[in-house]
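The values are calculated or read from the model by the stated rules, or taken from the named source; none is laboratory data. Please read these numbers as outputs of a predicted model, since none were measured by experiment. No Cβ is skipped: glycine too gets one built from the backbone with ideal geometry, and neighbour counts run over all protein chains shown.
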Amino acid sequence: MTLERTWHWLIDRIDEYEAHAYAYQHARYFGRTKFQVVEILETAKFGKMLILDGKIQSAALDEHIFHEALVHPAMLMHPAPRRVCIIGGGEGATLREVLRHALVEEAVMVDLDEEIVALCREHLPEWHRGAFDDPRVHLLHEDGRVFLREEPGTFDVIVLDITDPVTADFGPETYRVIRSRLREPGILALQALELNLGDWETHAAIRRALRPIFPHCRSYSAYIPSFRAEWGFLVAAANGELLHQAPALLEERFAARLARAAAEPGGLRFYSPQTHGRLFTLPKDLRARLEAP
């Protein structure tokens, strides 16, 4: 007699018309911080999965796709990213990718929820891989928007890796503050929710909020299997040339900055100069919607 495994099911409700179900065996952690409900589940298909307030943040199988796509396009577009600021990114994986660039002299990470960072350090070591212990890191626990208003220094690249509701809530006032903290030539990179024909409106709203502050914005996307979605990202800058680097220059910078990281065990698994072109190649009908007045 063969006994079938009994699974629990996580239901990720996308909106009133769509939901995805994920089988998991057990919860590695369940609790509440001062700011949010935290679950770390051992799923059947995607391995460990981090869920905040019921929304999937990342999974072991494919977190590298999200974090490499978020970080490396902007970092390679910039001629010399030496001081980088990350807002959010509690898992430490965005920090991990930033630190792959040897040019980086200081990485300031600001995450409001100190408990989340501690939980990820304990339960998700595959995500951060010791990044928090790098001497170039300055880790702060405060509101990222307050930090940016009060920080006297400037950055070459600012990366927003914050939860979907906070991302959607950012507006022109916050983006003006961010631009004031970017030294020229500076680039902002952010995760910007789903980007496909079924769900593109919120991404477009974020892009519209950016445009009065950053005259040059480019949308791009990568498919994240655990999200079951083509996921959107944005890069923005005052200097449009930064966002349209020649493929040969990107390959040159990749070889100089990331070739060693790409060859290391557990190194880059998704991003490459060839992947870069695919990320920014959006379908015609989607481009038309994003570029419409």
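Just need a number here: residues in the range 39-59 that are out of contact with any helix residue (DSSP H, G or I) (no Cβ under 9 Å at 6 or more places or on another chain) and hydrophobic (A, V, I, L, M, F, W, C).
Adding up the residues that qualify gives 3.
Taking the condition over 22 Å from ALA238 (Cα atoms), polar (S, T, N, Q) and surrounded by 13 or more Cβ atoms within 10 Å (Cβ to Cβ), does THR167 pass?
Numbers: over 22 Å from ALA238 (Cα atoms): no; polar (S, T, N, Q): yes; surrounded by 13 or more Cβ atoms within 10 Å (Cβ to Cβ): yes.
Against the criterion (over 22 Å from ALA238 (Cα atoms), polar (S, T, N, Q) and surrounded by 13 or more Cβ atoms within 10 Å (Cβ to Cβ)), THR167 does not qualify.
Given the criteria surrounded by 16 or more Cβ atoms within 10 Å (Cβ to Cβ), at pLDDT 95 or above, assigned by TED's automatic domain parsing to the domain that holds ALA74 and out of contact with any Asp or Glu (no Cβ under 6 Å at 6 or more places or on another chain), does LEU282 qualify? First the steps, then the outcome.
On the way: surrounded by 16 or more Cβ atoms within 10 Å (Cβ to Cβ): yes; at pLDDT 95 or above: yes; assigned by TED's automatic domain parsing to the domain that holds ALA74: yes; out of contact with any Asp or Glu (no Cβ under 6 Å at 6 or more places or on another chain): yes.
So LEU282 passes the test.
Name the single residue, out of those in the range 1-54 being among the polar types (S, T, N, Q) and surrounded by 11 or more Cβ atoms within 10 Å (Cβ to Cβ), that is nearest to ILE65 (Cα to Cα).
Initially, the range 1-54 is screened for residues among the polar types (S, T, N, Q), giving 2, 6, 25, 33, 36, 43.
Next cut, surrounded by 11 or more Cβ atoms within 10 Å (Cβ to Cβ) only: 25, 33, 36, 43.
Numbers: GLN25: 24, THR33: 27, GLN36: 25, THR43: 18 Å.
So, considering only residues that are among the polar types (S, T, N, Q) and surrounded by 11 or more Cβ atoms within 10 Å (Cβ to Cβ), the one nearest to ILE65 (Cα to Cα) is THR43.
Give the residue, chosen from ALA80, ALA74, ALA93, that is surrounded by fewer than 22 Cβ atoms within 10 Å (Cβ to Cβ), in the same structural domain as LEU193 (by TED's automatic domain parsing) and not hydroxyl-bearing (Ser, Thr, Tyr). It would help to see each step written out before you state the result.
Values: ALA74 fails: surrounded by fewer than 22 Cβ atoms within 10 Å (Cβ to Cβ); ALA93 fails: surrounded by fewer than 22 Cβ atoms within 10 Å (Cβ to Cβ).
Within the list ALA80, ALA74, ALA93, the selection yields ALA80.
Can you say whether HIS138 is touching an Asp or Glu at 6+ places or on another chain (Cβ under 7 Å) and surrounded by fewer than 19 Cβ atoms within 10 Å (Cβ to Cβ), as far as the supplied structure shows? Outline the logic, then answer.
Working: touching an Asp or Glu at 6+ places or on another chain (Cβ under 7 Å): yes; surrounded by fewer than 19 Cβ atoms within 10 Å (Cβ to Cβ): yes.
Yes.
Can you pull out every residue in the range 223-261 that is part of a helix (DSSP H, G or I) and surrounded by 15 or more Cβ atoms within 10 Å (Cβ to Cβ)?
Matches in the range 223-261: SER226, PHE227, LEU242, LEU243, LEU250, GLU251, ARG253, PHE254, ARG257, ALA261.
Residue under question is GLY130, and the condition is that it be more than 29 Å from ARG260 (Cβ to Cβ), of a type outside the set (D, E, K, R) and free of Cβ contacts under 8 Å to residues at least 40 places away in the same chain; does it hold?
No; evaluated as a whole, the condition is false for this residue.
Which residue pairs have Cβ atoms under 6 Å apart, sit 6 or more places apart or on different chains, and have a first residue in the range 22-33 that is over 12 Å from LEU50 (Cβ atoms) and a second that is surrounded by fewer than 17 Cβ atoms within 10 Å (Cβ to Cβ) and polar (S, T, N, Q)?
The qualifying pairs do not exist here.
Per-residue answers, yes or no, for (1) among the polar types (S, T, N, Q); (2) part of a helix (DSSP H, G or I); (3) crowded, with 19+ Cβ neighbours inside 10 Å:
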{"position": "PRO152", "(1), (2), (3)": "no, no, no"}
{"position": "VAL157", "(1), (2), (3)": "no, no, yes"}
{"position": "TYR175", "(1), (2), (3)": "no, yes, yes"}
{"position": "ILE187", "(1), (2), (3)": "no, no, yes"}
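Go through (1) modelled with pLDDT of 95 or more; (2) within 23 Å of ALA292 (Cβ to Cβ) and name the single condition HIS138 misses.
(2)
Kindly provide the set of residues from the range 42-63 that are closer than 27 Å to ASP143 by Cα and in a strand (DSSP E or B), ordered by number.
Passing the criteria: MET49, LEU50, ILE51, LEU52, LYS55, ILE56, GLN57, SER58, ALA59.
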